[in-house]
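These notes concern the structure reproduced below.
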Amino acid sequence: MMEFDPTRPKWQQVADTLRRRIASGEYPPRHLVSEVQLEAEFGVARTTIRKATAALRKDGLIVTTPGMGSFVRDGSHGEDH
């Protein structure tokens, strides 16, 4: 589990960690971003994970397909899964 900075919302800290993983290639394009796995890894509520992934969606870093999940977006924007 990650140690959180009590002065910042947890969802922002989770989102920042996920952004770094995407930028470094640790999460390559089309990588499934599993809410269940993230919830267990970070030790936070599902709501926190959903806020973090919503921020990544807004930034264009992931796409979400109903019934399939959230995936790291390909480098070419506009290409959905």
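The values are calculated or read from the model by the stated rules, or taken from the named source; none is laboratory data. Just so we're clear, the structure is a prediction, and the values are computed from it rather than from any experiment. Cβ atoms come from the backbone with ideal geometry, glycine included; neighbour counts cover every protein chain shown.
With the condition kept exactly as written, say whether any residue in segment 67-74 is exposed (fewer than 15 other Cβ atoms within 10 Å of the Cβ), free of Cβ contacts under 8 Å to residues at least 12 places away in the same chain and either small (G, A, S) or closer than 18 Å to E3 by Cα (or both). Yes: one or more hits.
For the subset of segment 1-13 comprising residues that are part of a helix (DSSP H, G or I) and out of contact with any Lys or Arg (no Cβ under 8 Å at 6 or more places or on another chain), which member is farthest from R73 (Cα to Cα)?
Once the filter is applied, the top-ranked residue is K10.
Filtering segment 3-15 for residues that are touching a His at 6+ places or on another chain (Cβ under 9 Å), surrounded by 14 or more Cβ atoms within 10 Å (Cβ to Cβ) and on the phi < 0 side of the Ramachandran plot leaves an empty set.
Here L32 meets the list (1) under 12 Å from the mean Cα position of the chain (by Cα); (2) buried (at least 16 other Cβ atoms within 10 Å of the Cβ) almost entirely, failing just condition (2).
Does D16 satisfy being assigned to a loop (DSSP other than H, G, I, E, B) and either under 25 Å from F4 (Cβ atoms) or at pLDDT below 95 (or both)?
Against the criterion (assigned to a loop (DSSP other than H, G, I, E, B) and either under 25 Å from F4 (Cβ atoms) or at pLDDT below 95 (or both)), D16 does not qualify.
Restricting attention to segment 19-33, and to residues there that are touching a helix residue (DSSP H, G or I) at 6+ places or on another chain (Cβ under 9 Å) and either modelled with pLDDT under 95 or part of a helix (DSSP H, G or I) (or both), which single residue is nearest to S70 (Cα to Cα)? For segment 19-33, the residue satisfying everything is V33. Can you find a residue that is crowded, with 20+ Cβ neighbours inside 10 Å, part of a helix (DSSP H, G or I) and not aliphatic (A, V, I, L, M) anywhere in segment 51-66? Yes, there is a match, as at least one residue in segment 51-66 is crowded, with 20+ Cβ neighbours inside 10 Å, part of a helix (DSSP H, G or I) and not aliphatic (A, V, I, L, M).
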